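Working notes for the structure below.
What follows is calculated from the coordinates using simple rules that are stated; it is not laboratory data. Since the model is a prediction, treat every value here as computed from it, not as a measurement. Heads up, the Cβs are rebuilt from the backbone with ideal geometry, glycines too, and the neighbour counts pull from every protein chain shown.
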Amino acid sequence: MTVQDTSPNAEPATATEATSVVLTDAASAKVKHLLDQEGRDDLALRVAVQPGGCSGLRYQLFFDERTLEGDEFTDFGGVKVVVDRMSGPYLSGAVIDFVDTIEKQGFTIDNPNATGSCACGDSFH
């Protein structure tokens, strides 16, 4: 799965409550498809920021069954998204999309808090 800083063309899906990140309809559908393949209904999509990458911070997207103190949960069309307390400020207002074109395929993140990114698009500062 690739993660890049790009501006998505799709409209964001509607969250049931305020959240630091937004999943577009395309991203929500892809995550739902991946969850269906896993065959588990106890997983949430965890979106996090960790130190690393060539620009200083790296996005992480993965399925998680854990609940950590301070986690923020949001539902996007049946897809549970969780952001930990430390990542929340870095991800506030970020829009996660899924693109599937002849040129590229993967999740993209348009993050208004990122002041720059690396050439590969996997990390930001």
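Available extension along the chain between Arg40 and Thr115 is 23.3 nm, counting 0.36 nm per residue and deducting the alpha carbon span. Subtracting the Cα-Cα distance of Phe63 and Asp25 from 0.36 nm times their residue separation leaves 11.9 nm of extension gain.
Taking 19 Å as the straight-line reach from the Cα of Lys80, the lysines in range (excluding those fewer than 8 positions away in the same chain) are Lys30, Lys32. Charges were assigned to the Cβ only: +1 to each Lys and Arg, -1 to each Asp and Glu. The resulting dipole of the stretch 52-117 about its Cα centre is roughly 200 debye.
With θ taken as phi - 60° and the Karplus curve 6.51 cos²θ - 1.76 cosθ + 1.60 applied, the whole-hertz 3J(HN,Hα) list for the stretch 94-110 is 6, 10, 9, 10, 10, 10, 9, 10, 5, 7, 7, 9, x, 7, 10, 10, 9 Hz, x standing for glycine and proline.
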